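J.: Take a look at this one; I'll ask things after.
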Amino acid sequence: MKRRRTFAAIVAIAIPIVVTLGLMTRRAESEMLQATTCESDLRSVFEMCERGREKGPCEHVSEAFEDACQAGCVAGVCPEQTRCTGRDPLWCATCTDMQGALFWDNLFSIAAWCDGALGVGYAEVDGDDWDACLKEEVGRQCPEIRGTDWFVRMRERKR
């Protein structure tokens with residue numbers, strides 16, 4: 001019994017370390033590519049993030065959030081080029097504002113985190129479990145959003 005607990009503790013510690021190291025390597029390679037793209041061809045990043053683009057992060061977002069979703073996607077890829085300058089509320093909105101880039105940037109990074117945490121791609125994941133992860137982590141990232149209808153509004157697929 002003691003061996004099982006020891007083994008479980010080792011596994012619980014080892015998995016996050018291995019995942020972190022793998023992500024760091026992948027992130028370094030990705031950052032080199034992103035830096036080149038963001039500096040030389042920002043237009044292609046905006047195109048990749050367009051609403052309706054097949055398999056893109058904003059593929060099924062409603063028209064009401066089209067610009068904010070695209071901005072959040074671009075901000076996640078090219079943060080240096082999308083900083084708030086005070087001129088455009090899209091880039092300066094708070095994490096609770098679904099019409100702002102920060103809400104969507106947070107949402108995309110949290111969705112990727114939930115994918116990894118729940119083993120998406122490696123095991124079958126219940127949609128309710130994934131939604132619960134997303135709601136919990138968005139609330140953790142942006143506590144002011146808890147108790148609002150953000151999740152229902154985000155899921156609306158009006159075109």
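J.: List pairs: first residue in segment 130-159 and without any contact (Cβ under 8 Å) to a residue 24 or more places away in the chain, second residue outside any helix (DSSP H, G or I) anywhere in the structure, Cβ distance under 8 angstrom, at least six positions apart or on different chains.
T.: TRP130/VAL120; GLY139/ARG146
J.: Let me ask something additional. Take the residues in segment 112-140 that are open to solvent by less than 50 Å² (accessible area, probe 1.4 Å) and of a type in the set (D, E, K, R), then tell me which one is modelled with the highest pLDDT.
T.: Among those that are open to solvent by less than 50 Å² (accessible area, probe 1.4 Å) and of a type in the set (D, E, K, R), it is GLU137.
J.: Could you look through segment 67-111, keep only residues that are surrounded by 15 or more Cβ atoms within 10 Å (Cβ to Cβ) and among the acidic types (Asp, Glu), and pick out the one that is nearest to GLN141 (Cα to Cα)?
T.: ASP105
The values are calculated or read from the model by the stated rules, or taken from the named source; none is laboratory data. These figures come from a predicted structure and were not determined experimentally. Every residue, glycine as well, gets a Cβ built from its backbone with ideal geometry; the counts of neighbours run over all protein chains shown. What goes into the accessible areas is simple: the full protein's heavy atoms, side chains included, and nothing from ligands, DNA or RNA. Shrake-Rupley method; radii C 1.70, N 1.55, O 1.52, S 1.80 Å.
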